[in-house]
1. Please turn the phi angles of region B:251-256 into ³J(HN,Hα) values with the Karplus equation 6.51 cos²θ - 1.76 cosθ + 1.60 (θ = phi - 60°), one per residue in order, whole Hz, x for glycine and proline.
2. Exactly which trypsin sites (Lys or Arg not before Pro) in region A:306-359 are in a DSSP loop and have at most 10 other Cβ atoms within 10 Å?
3. Considering only the label points, 7 Å along Cα→Cβ from Cα, what distances in nm to one decimal separate B:Gly84 from the same position in each other copy, shortest first?
4. Search the structure for amide H atoms under 5 Å from the amide H of A:Thr113, placed 1.01 Å from N in the peptide plane, and list their residues when 5 or more places away or on another chain.
5. Pull up all non-local amide H partners of B:Ser53: gap of 5 or more, or a different chain, and H-to-H distance under 5 Å with H placed in the peptide plane.
6. Whole number please: convex hull volume per residue of the Cα set in region A:52-377, in Å³?
7. For A:Gly235, which inter-copy label distances result when the label point lies 7 Å beyond Cα on the Cα-to-Cβ vector, reported in nm to one decimal and in ascending order?
8. Kindly give Rg over Rh for region B:242-379, based on alpha-carbon atoms, with the Kirkwood expression for the hydrodynamic radius.
Number of protein chains: 2
Amino acid sequence: MTPGGAGVQHHDTASRPGSRPDTGRPLGETAGPAEALAEALSARGLPAHDLPSRELLAPYLHARAAEFLRSLRLHRESGQDPQGAAEAAEAARALRAAARRISGTLHTFRPLTETGWADTLRAELAWLSGVLAREHAYAGRLNRLLEALNRLSGAGGGTGGGTGGVPVPPARGGGSSEPGSSLTVGAARAGALLERQLTLARTRAHSAALQALGSSRFHAVADAVALLASDVPLGPAAAAPAAEVLTPLATGAEQRLREAVAALPLGRASHPYNAEALLHGLAPAPSSEAQDAPWHHVRLLLRLHRYAQEVVIGPGDTRPAARALDRHRDAAEAATAAASAARTPRIAPATAYALGVLHADQRHEVEAARFAFQQVWQPAPAAP
Amino acid sequence: MTPGGAGVQHHDTASRPGSRPDTGRPLGETAGPAEALAEALSARGLPAHDLPSRELLAPYLHARAAEFLRSLRLHRESGQDPQGAAEAAEAARALRAAARRISGTLHTFRPLTETGWADTLRAELAWLSGVLAREHAYAGRLNRLLEALNRLSGAGGGTGGGTGGVPVPPARGGGSSEPGSSLTVGAARAGALLERQLTLARTRAHSAALQALGSSRFHAVADAVALLASDVPLGPAAAAPAAEVLTPLATGAEQRLREAVAALPLGRASHPYNAEALLHGLAPAPSSEAQDAPWHHVRLLLRLHRYAQEVVIGPGDTRPAARALDRHRDAAEAATAAASAARTPRIAPATAYALGVLHADQRHEVEAARFAFQQVWQPAPAAP
């Protein structure tokens, strides 16, 4: 399964927690891919200067393809087990992770591959990841919104247990005489409404995922990945030394990440409570999409950088930065879901009020995530 | 008008910007009242050790009473001038400031006064300040909420110009087909609703203030303050040296402030985006009143400390801390007004949604103000 050169077995550990103390610190403080590669190989007694690029790229793709196929088998087996919902979800997660890594690697190291083949596989993996991610995203979004509603309504209770402790009252018009009680009613109804809408969306996404996994299109993807597990279609450039070809491509991924981060409004994000995330939140064309997009883009570039690092020097750890950007994405989408639910016709004013509070709460989570990313990326200078 | 001892004329500058570089820094870093008094007097060549307490207390109260009477005269004159709205507002502000200082001073230095007389005057000044403050508070609250709505709806435009640039559409049911547009409608309607409610409250408060200023109860207060401008009813303790009686009372005010600040959750406030201010914001009994109260209390104690400082050593400057707590109070009351407006019967869901966003926005302002206070009070230690 891993016929690559000896000494690159460490790639099999790509899904283990990283052993390097990187922890998402400013990239400027860590060695670049070239130096890191030289160090990593020399630590194993391997010559860095003339190792062909394919000796690093092929084993990494073999290992990810093997993970893909293993996850797929687990997913099918758990699907036949009535107790297997958690296993199925974990298998789907691993399948998505492997698909993302293959796709990202083919993107970053495209000049080393048979490009026509690589481009086709990338497009198909993007389709598959998208279909598989949707169910997971809806479930996560509902959990996040219900947790926030529980926090806001003081209902206590744990995570993801339906509407938690918020009792859903019978549907009636607003206008309670007891101050505050209509707002609690609103929180409970908002929870019920979101649960209805997002559970429906999730169920549809689940059906779509099952349908996709049974399609001939998916079987073609699985066949292509099976080929990848034993033999990677590489181009002639893959024979060139890693230091001359593969490492500069990894450096390119890092460079694109740096440039995108440099273009982020990190100065503003470093000032807590800057109220940017809610700016124009009630406008006809909310600014949220435009202001969120560069952050979402950095999230993807950080991921590509991480996969490229894995190819060159083994698993790294950009987790704190990645987690902040995941939180940014999740909160932004949850805020959109709350605003969208508020447009449901004929809801009670108290429900709409609760959804407004919830929307603003999640947009502040967006702002908090930007602050957290900024803190991880640019630790505060020593006080004067 | 100021028959106090020579050398205490500096008290007349109490309403000027402070000359001491205190700027609300942690009190621990500034000299206590006793040392500060000795320094201030010795800088003027005055003996600190045996100056009677009344030589500091009486001139301060004389000057504040004179300010009270001057502001009252200006307020009456501006009331007859049709162009005088701004002058009347400024005169009312100065009147309230003088009343607060007299009342606070009689509170902190109560043992030096004829206590029966002082307690009665304090109660009457509290009544007067309350009546006069209400109109100002409603006007400020409306401005704050409309500014926030403008920021949220992207309508641009300046401050306090009615609903600003948000056009108020004709009242119809919700459910627009254009995404987002119903939310803008909601912002405009929320602005119109708040303007209606708070303008009505302000008008009523204005009538109440005019009525109070024409009442025999007010004339009795004005007479008592006129007496204060020439002769302060002090008790025998006022003859004792300031260092033995007056300064310890000022220290007591400072001590009460320190203890109240020490009991605040400053550790939590120092973590931006802690989401505390919105906690249980949709609960039947929102926690906001309970969690805001200690901060409101510190705001009053900071004010008493500031006035006591003015008596002992002349005008100081605790403005950044005071401003943060003013902002805390204003945002808390604006958030309550938004939640209260959302309970208006028969409002459209889009209006309620906008009020929910607005409520959450103002509760985050509350949280931001706590963060700001914490930053002023406990500057961050140097990074390790």
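The values are calculated or read from the model by the stated rules, or taken from the named source; none is laboratory data. Values in this document were obtained by computation on a predicted structure and should not be read as measured data. Methodologically, a virtual Cβ is constructed for each residue, glycine included, from the backbone with ideal geometry; neighbour enumeration extends over all protein chains shown. In case anyone asks, the SASA skips ligands and DNA or RNA and just uses the protein heavy atoms, side chains included. Shrake-Rupley method; radii C 1.70, N 1.55, O 1.52, S 1.80 Å.
1. 4, x, 4, 5, 5, 4
2. Working: sites: A:Arg306, A:Arg323, A:Arg327, A:Arg329, A:Arg343, A:Arg346; in loops: A:Arg343, A:Arg346.
In loop regions of region A:306-359 (DSSP not H, G, I, E or B), the sparsely surrounded trypsin sites (Lys or Arg not before Pro) are A:Arg346.
3. Distances between equivalent label points, in nm: 8.7.
4. Here the answer is A:Gly235, since their amide H atoms fall under 5 Å of that of A:Thr113.
5. Distant-sequence amide H within range of B:Ser53: B:Ala240, B:Ala242.
6. Details: hull volume 49.7 nm³, N = 326.
That works out to 152 Å³ per residue.
7. Between copies, matching label points for A:Gly235 lie 9.4 nm apart.
8. Working: Rg = 17.9 Å, Rh = 16.4 Å.
Reported Rg/Rh (Cα atoms, Kirkwood Rh): 1.09.
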